[in-house]
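The values are calculated or read from the model by the stated rules, or taken from the named source; none is laboratory data. Keep in mind it's a predicted model, so treat the numbers as computed, not measured. Note: ideal-geometry Cβ built from the backbone for every residue, glycine included; neighbour counts use all protein chains shown. Accessible surface areas use protein heavy atoms only, side chains included; no ligands, DNA or RNA. Shrake-Rupley method; radii C 1.70, N 1.55, O 1.52, S 1.80 Å.
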Amino acid sequence: MEQRHLGRTGLRVSRIGLGTLTWGRDTDEHDAADVLKTFWEAGGTLVDTADVYGDGDAEYLLGRLMDGLVPRRDLIISTKAGSVPDPDRRYDGSRGHLLAALDASLARLGTDHVDLWQVHAYDAGTPLEETLQALDIAVTSGRARYAGVANFCGWQLAKAATWQLAAPGTRTRLAATQMEYSLLQRGVEREVLPAALDLGIGLLPSSPLGRGVLTGKYRGDALPPGSRGASDHFGLFVEPYIDDTASRIVDAVSTAADGLAVTPLQVALAWVRDRPGVSAPIVGARNAQQLTAALSVEALSLPDEICRALDDVSAPVHRYPDHDWSTL
């Protein structure tokens with residue numbers, strides 16, 4: 001698998017990342033082992049997790065699998081901290097919480113460091129410089145090699161990255177930002193992606209297949225049995241992308257796939273993988289068969305005319321002030 005630099009850093013990652021959101025819940029240890037081995041054998045290196053995935057079970061399971069199945073040195077491990085199971089405070093970006101969470105993640109993973117550590121979300125209740133200081137401490141102490149953020153909007157990302165570049169002392173440059181990005185969700189193109197490109201921050205798209213809808217499995221009225229859309233804990237997550245707008249985009253993806261003799265999954269994933277500023281889309285697969293289907297995109301590059309057609313059919317509405325006012 002082709003390797004890419006993560007933003008403006010020396011860290012190289014596989015251009016498809018493996019997500020572990022379902023590990024320890026919908027994906028058991030046997031399936032997780034098959035998935036990880038399949039990913040590793042295909043040349044994949046970037047494995048994405050978080051301390052809240054499966055209430056910590058995803059990290060614990062990944063740690064067990066690195067203890068004999070796949071060598072730790074062959075993987076780029078990324079985890080996140082900051083989301084908390086508190087209905088009154090969903091995010092905790094305090095220095096104390098973040099560093100304690102990192103130590104707990106390292107214990108579950110069975111390693112002395114992670115390659116990329118990200119703040120899971122912006123915490124308006126904590127001064128940003130305090131949150132960012134936790135990243136500095138994590139890197140200078142050797143517990144993390146690189147640092148980033150996730151789910152920061154444009155001004156939050158720009159503020160955080162600029163602080164790290166301009167504040168006095170030794171600060172850790174932001175290497176990555178993780179955001180949802182697909183043909184069904186192009187909101188990051190308004191401000192997040194331009195900021196990331198300008199600041200040299202690599203984008204790691206989550207849900208690059210539109211929460212599974214871009215595979216074409218949800219065409220029609222019925223929800224496929226066993227799909228995330230039909231599950232109790234993911235149904236509400238998929239539902240917003242099952243509408244007329246999404247249906248038109250899925251139809252276009254399917255038409256392109258037919259013309260290229262590939263699958264809608266491959267078309268949708270190749271589109272987002274090769275967008276400017278993207279380092280590696282994060283693909284979540286519940287079993288090795290699903291992952292193999294996603295990894296088959298490695299040999300596919302979409303023709304320019306297909307990209308333009310998909311861009312047009314999925315184009316978000318960008319007006320003032322996102323575009324040059326003189327062109328409006």
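Observations
- Looking across the range 43-83 at every residue that is in contact (Cβ under 8 Å) with a residue 40 or more places away in the chain and open to solvent by 40 Å² or more (accessible area, probe 1.4 Å), the one that is nearest to the chain's Cα centre (by Cα) is identified as 52.
- For residue 31, the conditions (1) part of a helix (DSSP H, G or I); (2) open to solvent by less than 10 Å² (accessible area, probe 1.4 Å) are fulfilled apart from (2).
- Looking only at residues in the range 67-120 that are in contact with an Asp or Glu (Cβ under 8 Å, 6 or more places away or on another chain) and among the charged types (D, E, K, R), the one that is nearest to residue 19 (Cα to Cα) is 80.
- Single condition residue 58 does not satisfy, out of (1) out of contact with any Phe, Trp or Tyr (no Cβ under 6 Å at 6 or more places or on another chain); (2) modelled with pLDDT of 95 or more: (1)
- Which numbered condition residue 94 misses (of (1) closer than 28 Å to residue 212 by Cα; (2) surrounded by fewer than 18 Cβ atoms within 10 Å (Cβ to Cβ); (3) of a type outside the set (D, E, K, R)): (1)
- Residue match in the range 255-263 (condition: modelled with pLDDT of 95 or more, charged (D, E, K, R) and more than 30 Å from residue 7 (Cα to Cα)): yes
- The set of residues in the range 302-317 being small (Gly, Ala, Ser) and open to solvent by less than 40 Å² (accessible area, probe 1.4 Å) consists of 314 alone.
- In the range 252-277, the residues that are more than 22 Å from the chain's Cα centre (by Cα), surrounded by fewer than 18 Cβ atoms within 10 Å (Cβ to Cβ) and in contact (Cβ under 8 Å) with a residue 12 or more places away in the chain: 259, 260, 262
- Tally of residues being among the small types (Gly, Ala, Ser) and either loosely packed, with under 15 Cβ neighbours inside 10 Å or outside any helix (DSSP H, G or I) (or both) across the range 147-175: 7
- Count of residues meeting criterion [open to solvent by 40 Å² or more (accessible area, probe 1.4 Å) and in contact (Cβ under 8 Å) with a residue 40 or more places away in the chain] in the range 108-139: 3
- Of all the listed residues (312, 244, 304), the sole one being of a type in the set (Asp, Glu) and either in contact with a Leu (Cβ under 9 Å, 6 or more places away or on another chain) or over 23 Å from residue 194 (Cα atoms) (or both) is 244.
- Test for residue 299: is it open to solvent by less than 70 Å² (accessible area, probe 1.4 Å), within 28 Å of residue 21 (Cα to Cα) and of a type in the set (A, V, I, L, M, F, W, C): no
- In this structure, residue 52 does not satisfy being within 17 Å of residue 1 (Cα to Cα) and β-branched (Val, Ile, Thr).
- Being at pLDDT 95 or above and more than 29 Å from residue 306 (Cα to Cα) is not true of residue 176.
- Any hit, the range 284-300, residues being more than 30 Å from residue 116 (Cα to Cα) and either at pLDDT below 95 or of a type outside the set (Asp, Glu) (or both): no
- Residue 301 vs. criteria out of contact with any Ser or Thr (no Cβ under 7 Å at 6 or more places or on another chain) and either assigned to a loop (DSSP other than H, G, I, E, B) or more than 16 Å from residue 44 (Cα to Cα) (or both): yes
- Any hit, the range 274-286, residues being in contact with a helix residue (DSSP H, G or I) (Cβ under 8 Å, 6 or more places away or on another chain) and in a helix (DSSP H, G or I): no
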